[in-house]
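Chemist: Sharing a structure, written as structure tokens. Questions coming.
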Amino acid sequence: MKKLFTLFAMGVIVLSGNAQKTIQGSRFFDNWSIGLVGGAYTKTTHNAMFKNARAAYGLEVTKQITPIFGVGVQGTATNNITDSKTVIDAVNADLLAKFNLTNAIFGYKGEPRVFEVEGVYGIGLMHYFKVGDDGGNDMTSQAGLNFNFNLGKEKAWTVALKPAIVWNLDGGSKEQNTAYNVNHSAIQVLAGVTYHFKNKSNGKHYLTFAKGYDQAEVDGLNAKINDLRAQVSDKDAQVSKLNGQIRTLQQQLNDERNKKPAVQIQKVVETQKGANSLEQTITFRQGKSVIDASQLPNVERVATFMKNHKDAKVTIKGYASPEGSAEINAKIAKARAEAVKTVLVNKYKIDASRIVAEGQGVGDMFSEPDWNRVSICTIESK
């Protein structure tokens, strides 16, 4: 029997070492479980098996080290059915080694199967009670099988049937050395329910496979990471440069907005009658008769002059560039002249009787055709 257990332990060590190379979730605080057990305990020989069966119940804590090997601590108590008047006949504490036969034979697939079989071997200490006596302590050992049913999608719960044979290694007397003697053994059949705590390392209630990387793969991944970091650093530099340009442009825009338009009207011609003739040009976009904001200061210069010279009158002539038909150009030219007049009347309150707006069709004042999309304001003042 001892040779059998020695071979069993050696097999566990070899298989456990191999399993640890390919699994994830085997840290110290991973794969712990706690369970309640209950059932019956009866002597193997010289005993009415069912008549003298005693109720047994207890608690079990297990640490699964690999998919094949685990260790646990089991504490059980048996009710007394003798005339000794003690409620509890004995308590037993065992250190258990668990060997998953299913995973050892068929391999582990990354999560527990619905049904698995474990081999169990344990060494423990039993304390038994007697009325009027301190009782006694005996070394015990047990071997058995666990028939496990792993339930739920996450396999967090296990329901198991746990038959085992328990030996009293002291044979009830310190002078005897009976070891594994069937005459000093009992049959124990327990049923249990176990909860498996969630692992911090993989977020599962069980061991999972970890992808293995060789050094070449690790070096390749590190190279990619360093390349991405360099790209991010370069992008950060570009963004910082663009942000600086944006700030400069924003400042320039604010400076332009804060500038007050200078009111400047230049004398162009002085007639023989002593009257002053002044001109101001307002430009337009192609096909448009709406005055852009950039051109409003030019209109304001005309309005300012006319407010300061109550006798002044203005003639506005609208022009178009040569694109399009003559009919369309005539309409656009007229609309451009009227647009300037409308602003002078509505915004600056210049009397409409002092303004003449005329469309002149296609203009030829400038060498570039595009430059002829204008309204020219000619002011006459004594």
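Chemist: Go through the residues of segment 101-111 one by one and say whether even a single one is in a strand (DSSP E or B) and touching a residue at least 12 places away in the same chain (Cβ under 8 Å).
Modeler: no
Chemist: Among the numbered criteria (1) among the charged types (D, E, K, R); (2) in a strand (DSSP E or B); (3) closer than 25 Å to residue 181 by Cα, which single criterion is violated by residue 60?
Modeler: Of the numbered conditions (1) among the charged types (D, E, K, R); (2) in a strand (DSSP E or B); (3) closer than 25 Å to residue 181 by Cα, the odd one out for residue 60 is (3).
Chemist: If residue 294 satisfies every condition in (1) surrounded by 14 or more Cβ atoms within 10 Å (Cβ to Cβ); (2) within 30 Å of residue 258 (Cβ to Cβ); (3) within 60 Å of the chain's Cα centre (by Cα); (4) of a type outside the set (Asp, Glu) but one, which is the exception?
Modeler: (1)
Chemist: Could you please let me know if residue 381 is small (Gly, Ala, Ser), surrounded by fewer than 21 Cβ atoms within 10 Å (Cβ to Cβ), touching an Asp or Glu at 6+ places or on another chain (Cβ under 8 Å) and over 27 Å from residue 256 (Cα atoms)?
Modeler: So residue 381 passes the test.
Chemist: Let me ask something else. Tell me, yes or no, whether segment 151-158 has at least one residue that is within 18 Å of residue 190 (Cβ to Cβ) and either touching a Pro at 6+ places or on another chain (Cβ under 9 Å) or touching a residue at least 40 places away in the same chain (Cβ under 8 Å) (or both).
Modeler: yes
Chemist: For residues that are within 22 Å of the chain's Cα centre (by Cα) and charged (D, E, K, R), tally how many sit in segment 179-224.
Modeler: 5
Chemist: Looking at segment 373-382, is at least one residue small (Gly, Ala, Ser), part of a loop (DSSP other than H, G, I, E, B) and in contact (Cβ under 8 Å) with a residue 40 or more places away in the chain?
Modeler: So far as segment 373-382 goes, no, none of its residues is small (Gly, Ala, Ser), part of a loop (DSSP other than H, G, I, E, B) and in contact (Cβ under 8 Å) with a residue 40 or more places away in the chain.
Chemist: Of these, 265, 225, 282, which one is at pLDDT 90 or above and closer than 30 Å to residue 305 by Cβ?
Modeler: Within the list 265, 225, 282, the selection yields 282.
Chemist: Taking segment 20-70 as the search range and keeping residues that are under 36 Å from the mean Cα position of the chain (by Cα), surrounded by fewer than 19 Cβ atoms within 10 Å (Cβ to Cβ) and without any contact (Cβ under 8 Å) to a residue 60 or more places away in the chain, which one is farthest from residue 157 (Cα to Cα)?
Modeler: Per the criteria, the residue is 20.
Chemist: Can I ask one more? Of a type in the set (D, E, K, R), under 30 Å from residue 46 (Cβ atoms) and surrounded by 10 or more Cβ atoms within 10 Å (Cβ to Cβ), is that true of residue 162?
Modeler: yes
Chemist: Among the candidates 335, 339, 326, 357, which residue alone is under 15 Å from residue 279 (Cα atoms) and in contact (Cβ under 8 Å) with a residue 12 or more places away in the chain?
Modeler: Being under 15 Å from residue 279 (Cα atoms) and in contact (Cβ under 8 Å) with a residue 12 or more places away in the chain holds for just one of 335, 339, 326, 357, which is 357.
Yes/no matrix, rows are residues, columns are (1) modelled with pLDDT under 90; (2) aliphatic (A, V, I, L, M); (3) assigned by TED's automatic domain parsing to the domain that holds residue 356; (4) in contact with a Leu (Cβ under 6 Å, 6 or more places away or on another chain):
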position	(1), (2), (3), (4)
234	yes, no, no, no
239	no, yes, no, no
251	yes, no, no, no
272	yes, no, yes, no
287	yes, no, yes, no
301	no, no, yes, no
307	no, no, yes, no
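Chemist: Given the structure, is residue 315 in the same structural domain as residue 291 (by TED's automatic domain parsing), in a helix (DSSP H, G or I), among the hydroxyl-bearing types (Ser, Thr, Tyr) and under 25 Å from residue 293 (Cβ atoms)?
Modeler: When the stated conditions are applied, residue 315 does not pass them.
Chemist: Now for a different question. Does segment 197-218 hold any residues that are of a type outside the set (A, V, I, L, M, F, W, C), modelled with pLDDT under 85 and out of contact with any Lys or Arg (no Cβ under 8 Å at 6 or more places or on another chain), and which are they?
Modeler: Those that are of a type outside the set (A, V, I, L, M, F, W, C), modelled with pLDDT under 85 and out of contact with any Lys or Arg (no Cβ under 8 Å at 6 or more places or on another chain): 211, 213, 214, 215, 217.
Chemist: Please find, among 358, 327, 323, 368, the residue that is under 60 Å from the mean Cα position of the chain (by Cα) and surrounded by fewer than 16 Cβ atoms within 10 Å (Cβ to Cβ).
Modeler: One residue alone meets the criteria, 323.
The values are calculated or read from the model by the stated rules, or taken from the named source; none is laboratory data. Since the model is a prediction, treat every value here as computed from it, not as a measurement. Here Cβ is always computed from backbone atoms with ideal geometry, including for glycine, and neighbour counts include all displayed protein chains.
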